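Enquirer: Pasting a structure here, questions to come.
The values are calculated or read from the model by the stated rules, or taken from the named source; none is laboratory data. Because the structure is predicted, anything quoted here is derived from the model rather than measured. Positions of Cβ are backbone-derived with ideal geometry, glycine not excepted, and every protein chain shown enters the neighbour counts. The area values use the complete protein model at the heavy-atom level, side chains included, leaving out ligands, DNA and RNA. Shrake-Rupley method; radii C 1.70, N 1.55, O 1.52, S 1.80 Å.
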Amino acid sequence: IWFTFRLTPNVDYEVNVQGGKKPYWKGDEADDPLFTFVDKGALRRPSYRTFMALLDNYEAECGTAEKVTSTERKENIDFLNAIMQTAPMQFCHKYLQKKGKASGDPTEFKKLLHKIWFDLYKRTRGGPRDSSGFEHVFIGEVKDGKISGFHNWIQLYMEEQKGALDYRGYIKPRNKSDAQTNSDDHVLTLQFSWKGVEKSVGTSFIGVSPEFEIALYSMCFLLGSEDNEVSLNTGSDEFVLNIKCYTYDRDKIGTAFPEATAHYD
C-alpha cells in the first residue's frame, strides 16, 4: 500500500525540521514552522478534500460531549466513499476479507470502518460520549492538560497555518546509529504545542495519503495486536516501525500510531 499516491518531499511539500531535542527538554528548538509549503493542488484530491472536511467536526477537550450533525454524518460517509475508491483501501478490504475479518460486501465493509473509526464512546470515565478513534488519531484531543493522540501530518499543517500549533523541534533518536532526521523523511518524531498545550513526543507519517493511514491502521487493528512491527522502505530511507494499536469500548480504535524503532539511510 506504500507504492500508491503520496506526496513527494521537496516537490509537493517541504518541511524544515530545524533543531533536535530530547522529550524532556523545555526549550523551543524551532524558530520557524515545520511546513515551509504544501502544494494546495495535491490537497484537492477527493480523499484529501473529504478528509479535511472532517477536521472541524470535533471538540478537542475530553469530557465535552460530541454532537454529530446530519452534515457531519454525511461528511463521514463521503470520506469513506472516497477512500474506498483508492488502491490502499481496496487492498485493505480484500486482505481483511481473505483473513476472515471483513465481509466481501463493500457496504458492509464501510459499516465496519465507520464503527471502528467514527462511532462515539466515552474516553472520560463517567462522562459523555466525547471521543472516537478518528478524532483521537487524526485530529487530537486535550485531556488532563496534555495533548492526546494527534498523529496526522495534514492536521499538523492546517493547525500550523491557523497559528494554533507551534512546532518545537524533532525528537533525537535513542540509537546513535540511526540516520540523521531531515526534510525527506516520511516519518517524523516531534514535539509541539497546540491550543497552548504541549505534546512532548509524538510520531507521524509525513506526506502520506489519508487512505494509506486508514488502511494500515485498520489492518493492524483488525488483524494484529497492540504491537505490530513493520519495515518501511520509502526509497530514500528505511524505517523499522512499531504500529501501536489499542482497543477502546470493546471493538473500536482507541489509538493507532507509528513508533520509529530504527532509521537507516
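Enquirer: Suppose we filter 21, 26 for residues that are under 30 Å from residue 173 (Cβ atoms) and either open to solvent by less than 20 Å² (accessible area, probe 1.4 Å) or of a type in the set (A, V, I, L, M, F, W, C) (or both); which single one remains? If you could, list the steps in order and put the result at the bottom.
Expert: Details: 26 fails: either open to solvent by less than 20 Å² (accessible area, probe 1.4 Å) or of a type in the set (A, V, I, L, M, F, W, C) (or both).
21 is the lone residue from the list that is under 30 Å from residue 173 (Cβ atoms) and either open to solvent by less than 20 Å² (accessible area, probe 1.4 Å) or of a type in the set (A, V, I, L, M, F, W, C) (or both).
Enquirer: Quick one: is residue 219 open to solvent by 40 Å² or more (accessible area, probe 1.4 Å) and of a type in the set (A, V, I, L, M)? Break it down stepwise before answering.
Expert: Working: open to solvent by 40 Å² or more (accessible area, probe 1.4 Å): no; of a type in the set (A, V, I, L, M): yes.
Spelling it out, it is not the case that residue 219 is open to solvent by 40 Å² or more (accessible area, probe 1.4 Å) and of a type in the set (A, V, I, L, M).
Enquirer: For the range 170-210, which positions are closer than 14 Å to residue 264 by Cα and outside any loop (DSSP other than H, G, I, E, B)?
Expert: Selection gives 187, 188.
Enquirer: Which pairs do you get when a residue that is open to solvent by 40 Å² or more (accessible area, probe 1.4 Å), found in the range 115-135, comes within reach of a residue that is assigned to a helix (DSSP H, G or I), reach meaning Cβ atoms under 9 angstrom, with the pair 6+ apart or on two chains?
Expert: Cβ pairs passing all conditions: 119/133.
Enquirer: Among the listed residues 199, 176, 162, which satisfies the condition of being out of contact with any helix residue (DSSP H, G or I) (no Cβ under 7 Å at 6 or more places or on another chain), open to solvent by less than 30 Å² (accessible area, probe 1.4 Å) and of a type in the set (Lys, Arg)?
Expert: Working: 176 fails: open to solvent by less than 30 Å² (accessible area, probe 1.4 Å); 162 fails: open to solvent by less than 30 Å² (accessible area, probe 1.4 Å).
Exactly one of 199, 176, 162 is out of contact with any helix residue (DSSP H, G or I) (no Cβ under 7 Å at 6 or more places or on another chain), open to solvent by less than 30 Å² (accessible area, probe 1.4 Å) and of a type in the set (Lys, Arg), namely 199.
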